[in-house]
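Data first, discussion second: the structure below is written as structure tokens.
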Amino acid sequence: MTRIYDRNVAEPAEEHRASPRAVGGVGPTIIPDRWLGAAMLAPSVLVFLALLIFPLGYGIYTSFFRIDTLDLSTGGTFVGFENYLWLLGNEQFWHALKTSTMFSVVVVSLQIVLGTAVALLLNSSFKGRTLVRGLILFPYMMPVVAVVLVWLLLYNAIFGVINYLIFSVGFIPRVDSIAWLANPTSAFIGVVLVAVWKYFPFVVVIVLARLQVIPQDLYEAAKIDGAGPISRFFDITLRELRDVLLVVALLRTIFIFNNFEIVYLMTHGGPMQATLTLPILVYETALDGDRSFGRGSAIAVVMFAILMCVMTVYFRFLRKEDQK
Amino acid sequence: MISLSMRKRFTSVRTYLLVALLLMFVGFPLYWMLMSSLKNSSDIVRLPPVWWPLPTWEHYDELFSVTKFGRWFLNSLIVCSMSTVIAVFLGVIGAYSLVRLKVPGKEVLARSVLLAYMFPGVLLVIPLVLVFSHLGLINSQFGLSLAYLTFALPFVMWVMRDFFGSVPVDLEEAAMIDGASRLEALRDVVIPQAYPGIIATSIFAFLFAWNEYLFSAILVRDHDLMTLPPAMANFASAMDTRWGLVMAASTVATLPMAMAFAFLQKYLVTGIGAGGVKG
């Protein structure tokens, strides 16, 4: 790849350097080839249109039809707002909305607390810190299915390690006292724990990055003023972290609220619908069992509306940040 | 009176204790997965648990000789490689164009990339099933890799956009002043410079695809064309008590991740920071 211009990379001739500015009368990054720019973007735009925008529109369109596997070729029958009316009167939908909200709030709060605590720990100096920082990312990178399978084994009521440990400590009378995933309350707790375990490293990474840029003299100054470690934590660390925690909470809420895989693979929404979230309801309505694509789409559209509300808040926040 | 050095030592002991606790919390499930895959079937259900088994490879043997695990592994490789290659190629040139070239409406476009990236798969899956079934893309590995572009392409574009934005413009300018066309400058100057970033991004895009379950479960029903995640999920429910086999499968499915891990150390944090929205 030796080309003539490689040799001159280090010291471009002075008269050449001036020429693009003289011709275009603009800064160095702006080049007249706007057609090339468009051509380079076109394939990606096409993919977005075909695989995101069109399906999105088609999903909204479908929500006004009664359509199941049998009328796939005909496109179903137009029913207006029938699917939405069905939705509003459907107890399961409201239940799933509640479950999803509760699940997201609990999981995200725990993730933020645990993630921040771990980030603070990993921000203090100790031997092997870099290695530990890498190791704790493992859960985050592991395939969801593998994560779920391991935890199913750990939760096993008869020979699972979790029950064995609780039993050894003496909290339960018999090793098989807790049927983790068969009981509504413990199943909910169980799924929350797995979601926290898998996704808290994300919070650690983001918070740790922010912690590292907090100016140390803030702490020094506070120390001189006589602030103790607790007030330093609240007045400096937490205040500095506030914005980043807000963004992380928002992003994680969006993600967990729409997460299908963890909950579905662990419990299929059971037992007795204790872990039935909206994504699982979409799946069960449209893609499993009775395959009502129209009704499933209606639920998805409602979820999309919720998503857009949260995103609007997020973008408004970003814009405020940019202005700072 | 506690002296300063004693207090310091106390703090450091506390730190190490907490780190040990953290590593146990994070590491125990992984340890248990590996150990269970190496236990014989009776040790798996034994109580008290066998913490350190005499290793047996029988489950790995069975995994590759009796089940179609090798096939599914290969399918995953094919689908994820296809989507990664397409996403990286399109994403890199697209991101470059977004950063360096004057394209009308590129601010809107940049923002839609982020929006696209945050878009949850569960909202796309119904229309994709309907559209794909019209186009004959159900049960197609190419179709599945197209579906994976919905998250892989915005991810690559988003990360590479940041990356190109931080690379100084001088080198490529100099190349073009010396007579290289923009595309030549891109190929010979910009991309070689961006290699580390491109490789890290590719690995992340690959891993996200490797870990994906929903699209794969819905769009590919054929037993022989399945990728690992849905195959393993079926596997577990069909073989309720074959935990050794299931754990061996989980361990092997985690391997590419572990390998990428060793390789990626340096980039992990950047990649997750940019990509953590999904996944």
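For the range A:35-144, please list each of the helices (runs of 4 or more DSSP H) lying entirely inside it that holds at least 2 residues being over 30 Å from B:Ala253 (Cβ atoms). Write out each step before concluding.
Working: elements: A:54-62, A:82-88, A:91-123, A:129-135, A:138-141.
Correct list: A:54-62, A:82-88, A:91-123.
Report whether or not B:Ser41 is more than 11 Å from every other protein chain (Cβ to nearest Cβ), at pLDDT below 95 and under 18 Å from A:Gly160 (Cβ atoms). Spell out how you get there, then give the answer.
Working: more than 11 Å from every other protein chain (Cβ to nearest Cβ): yes; at pLDDT below 95: yes; under 18 Å from A:Gly160 (Cβ atoms): yes.
So B:Ser41 fits the description; yes.
Given B:Pro196, B:Pro192, B:Pro127, B:Pro154, which one is more than 25 Å from A:Glu284 (Cβ to Cβ) and either surrounded by 20 or more Cβ atoms within 10 Å (Cβ to Cβ) or among the basic types (Lys, Arg) (or both)? First the steps, then the outcome.
Values: B:Pro196 fails: either surrounded by 20 or more Cβ atoms within 10 Å (Cβ to Cβ) or among the basic types (Lys, Arg) (or both); B:Pro192 fails: either surrounded by 20 or more Cβ atoms within 10 Å (Cβ to Cβ) or among the basic types (Lys, Arg) (or both); B:Pro127 fails: more than 25 Å from A:Glu284 (Cβ to Cβ).
Matching residue, one of B:Pro196, B:Pro192, B:Pro127, B:Pro154: B:Pro154.
Yes or no: the range A:63-71 includes at least one residue that is farther than 30 Å from A:Arg210 by Cα, surrounded by 18 or more Cβ atoms within 10 Å (Cβ to Cβ), more than 11 Å from chain B (Cβ to nearest Cβ) and of a type in the set (A, V, I, L, M, F, W, C).
yes
Since A:Trp94 meets every condition but one in (1) surrounded by fewer than 18 Cβ atoms within 10 Å (Cβ to Cβ); (2) under 18 Å from the mean Cα position of the chain (by Cα); (3) more than 22 Å from A:Leu238 (Cα to Cα), which condition does it not meet?
Condition (2) is where A:Trp94 drops out.
Would you point out which residue out of A:Asp243, A:Asp235, A:Asp217 is under 31 Å from the mean Cα position of the chain (by Cα), more than 25 Å from A:Val105 (Cα to Cα) and of a type outside the set (Phe, Trp, Tyr)?
Working: A:Asp243 fails: more than 25 Å from A:Val105 (Cα to Cα); A:Asp217 fails: under 31 Å from the mean Cα position of the chain (by Cα).
After applying the criteria, what remains is A:Asp235.
Looking only at the range B:225-241, how many residues end up being out of contact with any Asp or Glu (no Cβ under 9 Å at 6 or more places or on another chain) and either at pLDDT below 85 or outside any helix (DSSP H, G or I) (or both)?
Result for the range B:225-241: 9.
Can you work out which of the residues in the range A:270-306 that are polar (S, T, N, Q) and in a loop (DSSP other than H, G, I, E, B) is nearest to A:Leu251 (Cα to Cα)? Please lay out each step first, then the result.
So in the range A:270-306, the residues polar (S, T, N, Q) come out as A:273, A:275, A:277, A:285, A:292, A:297.
Now restrict to residues that are in a loop (DSSP other than H, G, I, E, B): A:273, A:275, A:277, A:292.
On the way: A:Gln273: 26, A:Thr275: 22, A:Thr277: 18, A:Ser292: 30 Å.
Step by step, filter the range A:270-306, then rank; the result is A:Thr277.
Exactly one condition in (1) part of a helix (DSSP H, G or I); (2) more than 13 Å from B:Pro154 (Cα to Cα); (3) within 11 Å of chain A (Cβ to nearest Cβ); (4) not aliphatic (A, V, I, L, M) is not met by B:Cys80; state its number.
With (1) part of a helix (DSSP H, G or I); (2) more than 13 Å from B:Pro154 (Cα to Cα); (3) within 11 Å of chain A (Cβ to nearest Cβ); (4) not aliphatic (A, V, I, L, M) applied to B:Cys80, the lone miss is (3).
Please verify whether B:Ala116 is buried (at least 21 other Cβ atoms within 10 Å of the Cβ), in the same structural domain as B:Glu212 (by TED's automatic domain parsing), modelled with pLDDT of 95 or more and hydrophobic (A, V, I, L, M, F, W, C), treating the condition exactly as stated.
Values: buried (at least 21 other Cβ atoms within 10 Å of the Cβ): yes; in the same structural domain as B:Glu212 (by TED's automatic domain parsing): yes; modelled with pLDDT of 95 or more: no; hydrophobic (A, V, I, L, M, F, W, C): yes.
Judged against the criteria, B:Ala116 is not a match.
Does A:Ala42 satisfy being surrounded by fewer than 18 Cβ atoms within 10 Å (Cβ to Cβ), within 22 Å of the chain's Cα centre (by Cα) and hydrophobic (A, V, I, L, M, F, W, C)? Let's see the steps before the verdict.
Working: surrounded by fewer than 18 Cβ atoms within 10 Å (Cβ to Cβ): yes; within 22 Å of the chain's Cα centre (by Cα): no; hydrophobic (A, V, I, L, M, F, W, C): yes.
For A:Ala42, the condition - surrounded by fewer than 18 Cβ atoms within 10 Å (Cβ to Cβ), within 22 Å of the chain's Cα centre (by Cα) and hydrophobic (A, V, I, L, M, F, W, C) - is not met.
What are the residue pairs meeting all of these: first residue in the range B:179-190, first residue within 7 Å of chain A (Cβ to nearest Cβ), second residue surrounded by fewer than 13 Cβ atoms within 10 Å (Cβ to Cβ), Cβ atoms under 7 Å, and 6 or more apart or on different chains?
B:Gly179/A:Ile4; B:Asp188/A:Met1
The values are calculated or read from the model by the stated rules, or taken from the named source; none is laboratory data. Since this is a predicted model, take the numbers as computed values, not measurements. Backbone-built Cβ (ideal geometry, glycine too); neighbour counts: all protein chains shown.
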